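Read through the structure below, which is laid out as structure tokens, and then see the notes.
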Amino acid sequence: MSASRFLQGMALAILVLAACPAGTSPAWAGAKRPVVVELYTSQGCSSCPPADAFLGRLADRKDLLAMSLPVTYWDMLGWKDTLASDANTRRQKAYAAALGHGGVYTPQMIVDGFTDVVGSREPAVDAAIGAREADMAAVPVELRATRTEIHIAVGAGDAGANPNATIWLFHILGKAVVNVGAGENDGHTLTYRNVVRDIKAVGMWKGQAVSLDLPRAEMSNAPHDAVAVVVQQGGYGRIVGAAMIGRPDYVTLW
């Protein structure tokens, strides 16, 4: 390689790094977007801990956005889930309607809004993830946080057959350890990763570029240390864009 070519390459690399400051998701910089994996789970469900552990391993993968969404309908059986929310339960029920299912279940993993798998069946989940990686729509998403705002930019792209996509903002707690005191998991200590504490629909994407600036103070009162954005056709359909900011970039901006 000539000296001039080397210097040109170094200059380009410096420009790319300078364009991606701390507190910014790198998804917009041309990287392949993560496959989104959602686990619907409950502290009161005896078959959920293996899926929770599996989700924890998936959360360490850079090619995935893996989230735990604890639901409320197991609370009636003797233990109130300390992380569950009505928003998570509503989201799972909306998926059931969109996928043509008669009801909901745990542990359920939904991969890219496209297919659902029993969350403890690791080979089936891996296959579903692999299928999405091989045939995945990708719309560029920039997610940036300052001390006062969350900035979301969704680039232009092919909206496909469904031109109305919801831009979802998730507030996420990176890790939670729970000592269960009753119910089917009585006496167990359970560890959860990337727990969704709040979900908000913050905008719509119809193929044209969209830019949003949201005040951080009004976003969520639930404890969280990360945020994620998912762009999803029809609200509960195929996911076309995603990005996440977690520790340390997000929390150091408080």
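Picking from residues in the stretch 38-57 that are in contact (Cβ under 8 Å) with a residue 40 or more places away in the chain and part of a helix (DSSP H, G or I), the one that is surrounded by the most Cβ atoms within 10 Å (Cβ to Cβ) is Leu55.
Does the stretch 213-227 include one or more residues that are hydrophobic (A, V, I, L, M, F, W, C), farther than 30 Å from Ala131 by Cα and crowded, with 21+ Cβ neighbours inside 10 Å?
Here is the first cut: in the stretch 213-227, the ones hydrophobic (A, V, I, L, M, F, W, C) are 214, 217, 219, 222, 226-227.
Restricting the remaining residues to those that are farther than 30 Å from Ala131 by Cα gives 214, 217, 219, 222.
Subset that is crowded, with 21+ Cβ neighbours inside 10 Å: none.
Checking the stretch 213-227: not a single residue is hydrophobic (A, V, I, L, M, F, W, C), farther than 30 Å from Ala131 by Cα and crowded, with 21+ Cβ neighbours inside 10 Å.
Being in contact (Cβ under 8 Å) with a residue 40 or more places away in the chain and among the acidic types (Asp, Glu) is the filter here; which residues of the stretch 58-70 pass it? The one that is in contact (Cβ under 8 Å) with a residue 40 or more places away in the chain and among the acidic types (Asp, Glu): Asp63.
Of the candidates Val180, Val196, the single residue that is crowded, with 16+ Cβ neighbours inside 10 Å and out of contact with any helix residue (DSSP H, G or I) (no Cβ under 8 Å at 6 or more places or on another chain) is Val180.
In the set Val71, Val35, only one residue is buried (at least 22 other Cβ atoms within 10 Å of the Cβ) and either touching a Lys or Arg at 6+ places or on another chain (Cβ under 6 Å) or of a type in the set (D, E, K, R) (or both); that residue is Val35.
Those residues that are touching a residue at least 40 places away in the same chain (Cβ under 8 Å), in contact with a helix residue (DSSP H, G or I) (Cβ under 6 Å, 6 or more places away or on another chain) and either of a type in the set (A, V, I, L, M, F, W, C) or within 23 Å of Asp225 (Cα to Cα) (or both), I need them from the stretch 71-99; list them, please.
So the first thing to find is which residues in the stretch 71-99 are touching a residue at least 40 places away in the same chain (Cβ under 8 Å), and the list is 74, 77-79, 82-85, 87-88, 91-92, 94-95, 97-98.
Filter once more, keeping what is in contact with a helix residue (DSSP H, G or I) (Cβ under 6 Å, 6 or more places away or on another chain): 77-79.
Matches in the stretch 71-99: Leu77, Trp79.
Do we have any residue at all in the stretch 201-209 that's closer than 28 Å to Asp75 by Cβ and either under 14 Å from the mean Cα position of the chain (by Cα) or free of Cβ contacts under 8 Å to residues at least 60 places away in the same chain (or both)? Yes, some residue in the stretch 201-209 is closer than 28 Å to Asp75 by Cβ and either under 14 Å from the mean Cα position of the chain (by Cα) or free of Cβ contacts under 8 Å to residues at least 60 places away in the same chain (or both). Looking across Thr106, Thr82, one residue alone is crowded, with 17+ Cβ neighbours inside 10 Å, in a loop (DSSP other than H, G, I, E, B) and either in contact with a Leu (Cβ under 6 Å, 6 or more places away or on another chain) or hydroxyl-bearing (Ser, Thr, Tyr) (or both). It is Thr106.
Since every read-out is calculated from the coordinates, none of them should be taken as a lab result. None of the values given here were measured: they were computed from a predicted structure. Don't worry about glycine lacking a Cβ; one is built from the backbone with ideal geometry, like all the others, and counts go over all protein chains shown.
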